[in-house]
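Okay, handing you the structure first.
What follows draws every value from the coordinates through simple rules; no lab data is involved. Quick caveat, the model's predicted, so the values are computed rather than measured. All Cβ positions, even for glycine, are placed from backbone atoms using ideal geometry, and neighbour counts span all protein chains on display.
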Amino acid sequence: MATETIFQRFTLDEEASRKIISSPRTQIRHTNTFNDIKLNKSERIANAAKILNSRKCK
């Protein structure tokens, strides 16, 4: 499997890719900063639309 970024290209063998897939999930600490990680898809879309509407040039 090859992954390419803007500046570098990385090649992973099967063992490395299995190690990445089997690694435990990172728990995100609760903070008072808003993020949409725990929102469902429709709530994320609504939030994104609200942000885009607030950024329109007037």
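To the nearest 500 deg cm²/dmol, what mean residue ellipticity at 222 nm is calculated for the chain from DSSP H runs of n ≥ 4 alone, each contributing -39,500 (n - 2.57), summed and divided by the residues?
-12000 deg cm²/dmol
Turning to a different aspect of this structure: For Ile37, what charge total do you get from the other residues with a beta carbon under 13 Å from its beta carbon, if Lys and Arg give +1 and Asp and Glu give -1?
+3
Something else: Can you give me the distance in nm between label points at Ser17 and Arg29, each placed 7 Å from the Cα along the Cα-to-Cβ direction?
Each label point is offset 7 Å from its Cα along the Cβ direction, giving 3.5 nm.
Then there's this: Once the dipole of the chain is set up with Lys and Arg at +1 and Asp and Glu at -1 on Cβ about the Cα centre, which of Leu12, Thr26, Ile45 lies farthest towards its positive end?
Checked the options; the winner is Ile45.
OK, next. For the chain, would you read off the P(r) tail past 18 Å as a percentage of all alpha carbon pairs?
That fraction is 66 percent.
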